[in-house]
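S.K.: Here it is: the structure, laid out below.
The values are calculated or read from the model by the stated rules, or taken from the named source; none is laboratory data. What you see is a predicted model, and the numbers here were worked out from it, not measured in a lab. No Cβ is skipped: glycine too gets one built from the backbone with ideal geometry, and neighbour counts run over all protein chains shown. When the accessible area is computed, the model is the full protein with side chains, heavy atoms only, and any ligands, DNA or RNA have been set aside. Shrake-Rupley method; radii C 1.70, N 1.55, O 1.52, S 1.80 Å.
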Amino acid sequence: MLHLFILILILNNTIASADWDYAKNGPDVWKENYPTCAGENQSPINIRTRCTVFQPFSRFEFTSIYYEPIKFNLTNNGHTIKAVPNNPTSISLTGGNLKGTYLFESFHLHWGPNHNSGSEHQVNGDKSAGEIHFVYIHPESKQRAVLSFLMETEANKSQPVYLRNRSRNVAMEKQWQNYFDAAHKLIEQNSSTTLDLTLELLMGSNVAEFWRYVGSLTTPSCAENVIWTVFRQPISILDYDFGFFRDDLFFESYRGPQPLYHRQVNRSFLNEKLSPIPDENLCFSDFLSIILLELSYIDITFATIFTIINFQRS
Ligand SMILES: [Zn+2]
């Protein structure tokens, strides 16, 4: 009986990971099995900084264990390395204009084929080498709040100047090195390991400046109503660490930006620099694309009616 149960578990895992991926069953075809992936509140997005709207936000508050080392279980789940604390309900998040208390669930990384490609969110069309998602969930409503950091590597020189020229954070670098040393051993799917990590050191202390919008999970089911916080300052790591992920784990693990449609992106800081892209209609391009899409539907409708009338005449 136990053997049968284990077999079903293994089969379930295999089916779950073969169902979607970042290659043959990649983001372009997810909507065929997961219709929500074609919704109008999808993530990630390209953040056009000049189109963001300032809004005052309350400070993020974490429970004290956020500042202490806790035991994490790291697992290769066939899509990424997922890190889950052994006691998931002990880290809570409030503030940041979130309604109520959210509980920490897990964190994971996204990456791409080189140091200029791998982040899910883009800033003025700029990609970073990767992105990390710290996932929180509201215990009653099950709404998720994701705290997201772009990850830049040493080889990445195409970031705007305000994201560079800052002092190194040695404690954070060491913490990430511990993470990558452990994650590098998880080549086999479903392999796992445990290690002690401190969330505050992984995230860094600069959590006051961010962009905020409402979107979705960036993997199937693409469920919507996720509150996104994308921090302005990226985390720096060595390109070597992602090199291992690219070569031995998965070539890439990210979804590209989705249309913004009617959504607004807020920012928590006043002094936004204008976009370097000389496009006066930048903030309206999504609106225009919706109109063009709707016009194309009208064209199709007219063409269909015309064909039917012609068919009836003949
Ligand atoms: Zn993610």
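S.K.: Using the structure shown, decide if VAL207 is among the aliphatic types (A, V, I, L, M) and modelled with pLDDT under 95.
M.R.: So VAL207 passes the test.
S.K.: Can you pull out the residues in the range 114-135 that are within 13 Å of the ligand (Cβ to nearest atom) and not small (Gly, Ala, Ser)?
M.R.: Within the range 114-135, GLU120, HIS121, GLU131, ILE132, HIS133, PHE134, VAL135 meet the criteria.
S.K.: In the range 252-273, what count of residues is obtained for those that are under 17 Å from the mean Cα position of the chain (by Cα) and more than 19 Å from PHE57 (Cβ to Cβ)?
M.R.: 9
S.K.: Looking at the range 94-114, which of its residues are open to solvent by 40 Å² or more (accessible area, probe 1.4 Å) and within 17 Å of the chain's Cα centre (by Cα)?
M.R.: Residues satisfying the conditions are GLU105, PRO113.
S.K.: Still on this structure, please answer the following. Against the condition farther than 19 Å from VAL146 by Cβ and either in the same structural domain as GLY215 (by TED's automatic domain parsing) or not polar (S, T, N, Q) (or both), how does ALA83 come out, does it pass?
M.R.: No; evaluated as a whole, the condition is false for this residue.
S.K.: Additional query: Being open to solvent by 20 Å² or more (accessible area, probe 1.4 Å), modelled with pLDDT of 95 or more and more than 18 Å from the chain's Cα centre (by Cα) narrows it down to one of SER158, SER192, so name that one.
M.R.: Details: SER158 fails: modelled with pLDDT of 95 or more.
Result of the check over SER158, SER192: SER192.
S.K.: May I pose another question? Out of all the residues in the range 60-74, is one or more touching a residue at least 12 places away in the same chain (Cβ under 8 Å), on the phi < 0 side of the Ramachandran plot and within 16 Å of the ligand (Cβ to nearest atom)?
M.R.: yes
S.K.: Related question: Of the residues ASP279, ASP241, only one is at pLDDT below 85, under 29 Å from TRP20 (Cα atoms) and over 18 Å from the mean Cα position of the chain (by Cα); which?
M.R.: The unique qualifying residue is ASP241.
S.K.: When you scan the range 238-247, do you find a residue that is basic (Lys, Arg), more than 16 Å from the ligand (Cβ to nearest atom) and without any contact (Cβ under 8 Å) to a residue 60 or more places away in the chain, even just one? It would help to see each step written out before you state the result.
M.R.: The first filter runs over the range 238-247 and keeps only residues basic (Lys, Arg), leaving 246.
Among the residues that remain, those that are also more than 16 Å from the ligand (Cβ to nearest atom) are: 246.
The next check asks that each one be without any contact (Cβ under 8 Å) to a residue 60 or more places away in the chain; those that pass are none.
Looking for residues that are basic (Lys, Arg), more than 16 Å from the ligand (Cβ to nearest atom) and without any contact (Cβ under 8 Å) to a residue 60 or more places away in the chain, one finds none in the range 238-247, hence no.
S.K.: Kindly evaluate ALA208 against the criterion of being of a type in the set (A, V, I, L, M), in a loop (DSSP other than H, G, I, E, B) and either away from the ligand (no atom under 16 Å from the Cβ) or closer than 17 Å to ASN76 by Cα (or both).
M.R.: yes
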